[in-house]
Amino acid sequence: MFLFQKVDSTLKKIKANAANIITITNMSFGGAAIMATLNDSYSYSVLLIFFAAFLDRYDGKVARKFNQESELGKQLDSMADIISFGVAPALLMYEMALIDAGVSGMMMPVLFIAAGAIRLARFNVMDSTGYFVGLPITAAGTLLTFSYFFTDILSTQFYMILFPVLAVMMVSTFTLKKV
């Protein structure tokens, strides 16, 4: 009897925290992507960011399915997003495309990360309306990461434009319907 109670209690705790577990796993993949970039394992970094994007797609769905939406979960998701779709892609593409661009090359990833943080903070204080305001950092970071596959044909100048364009799109006020 005691064993069944413990198993039941454990399963209830897992269910209650499933979305946060997915979010922390997303964040872990983002952190691992940063470590992979720092160790010149760029392909692994790309893969880890894409895994993080996959998980990010489902943490909110799981929270809604189990009726476990919370302010903690919302904040945790933003922390995961700034790591997995802000810092990790910016560092990756800095290493791949902008490392030889001097100070201006260093400013582009910083701009991207700052705009992503502003976008996430704005999202966290707004009422949910069924629309995103500005480009979500998940989309911006995934697009930036996807450009990795074209670094052989894209120039440094392209990235000097891409970073600020994505940054501006994140902080802009256009709306996108949530899917």
Using only Cα positions of the chain, each an equal point scatterer, no hydration layer, compute I(q)/I(0) via Debye at q = 0.09 Å⁻¹ and quote the log10 values to two decimals. -0.35
What does the accessible area per residue of the stretch 1-113 come to in Å², with a 1.4 Å probe and no ligands, DNA or RNA counted? 57 Å²
Scan the stretch 19-80 for chymotrypsin sites (Phe, Trp or Tyr not before Pro) in coil per DSSP, keeping those whose Cβ has at most 11 other Cβ atoms within 10 Å, and list them by number. none
Using the Cα gyration tensor of the stretch 139-179, with a ≥ b ≥ c the square roots of its eigenvalues, what is the shape: rounded (a/c below 1.5), prolate (a/b larger than b/c) or oblate (neither)? oblate
In the chain, what percent of the accessible surface is made up of carbon and sulfur (1.4 Å probe, ligands and nucleic acids excluded)? 69 percent
If I take every Cα pair under 8 Å that is 6 or more residues apart in the chain, average their sequence separation and divide by the length, what percent do I get for the relative contact order? 23 percent
Can you tell me how much longer the chain between VAL110 and SER43 gets when fully stretched, taken as 0.36 nm per residue apart minus their C-alpha distance, in nm with one decimal? 21.9 nm
With unit charges on the beta carbon (Lys/Arg positive, Asp/Glu negative), name the residue among ALA19, ILE153, GLY105 whose Cα is farthest towards the positive pole of the charge dipole of the chain. ALA19
Would the stretch 46-129 count as rounded, prolate or oblate if I go by the C-alpha gyration tensor, calling it rounded below 1.5 in a/c and otherwise prolate when a/b exceeds b/c, oblate otherwise? oblate
Specify which residue in the list LEU3, LEU176, ALA121 is farthest towards the positive end of the charge dipole of the chain, using unit charges on the beta carbon of Lys, Arg (+1) and Asp, Glu (-1), about the Cα centre. LEU3
Cβ neighbours within 10 Å, averaged per peptide: list 135-141, 114-120 in order, most packed at the top. 135-141, 114-120
Under a Cβ-only charge scheme (Lys and Arg +1, Asp and Glu -1), can you give me the dipole magnitude of the stretch 28-179 about the Cα centre, in debye to the nearest 20? 560 debye
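The values are calculated or read from the model by the stated rules, or taken from the named source; none is laboratory data. Remember, predicted model here, so these are calculated numbers, not experimental data. Positions of Cβ are generated from backbone atoms using ideal geometry, with glycine treated the same way; all protein chains shown enter the neighbour counts. To get the accessible areas, we keep the full protein, side chains included, count just its heavy atoms, and leave off ligands, DNA and RNA. Shrake-Rupley method; radii C 1.70, N 1.55, O 1.52, S 1.80 Å.
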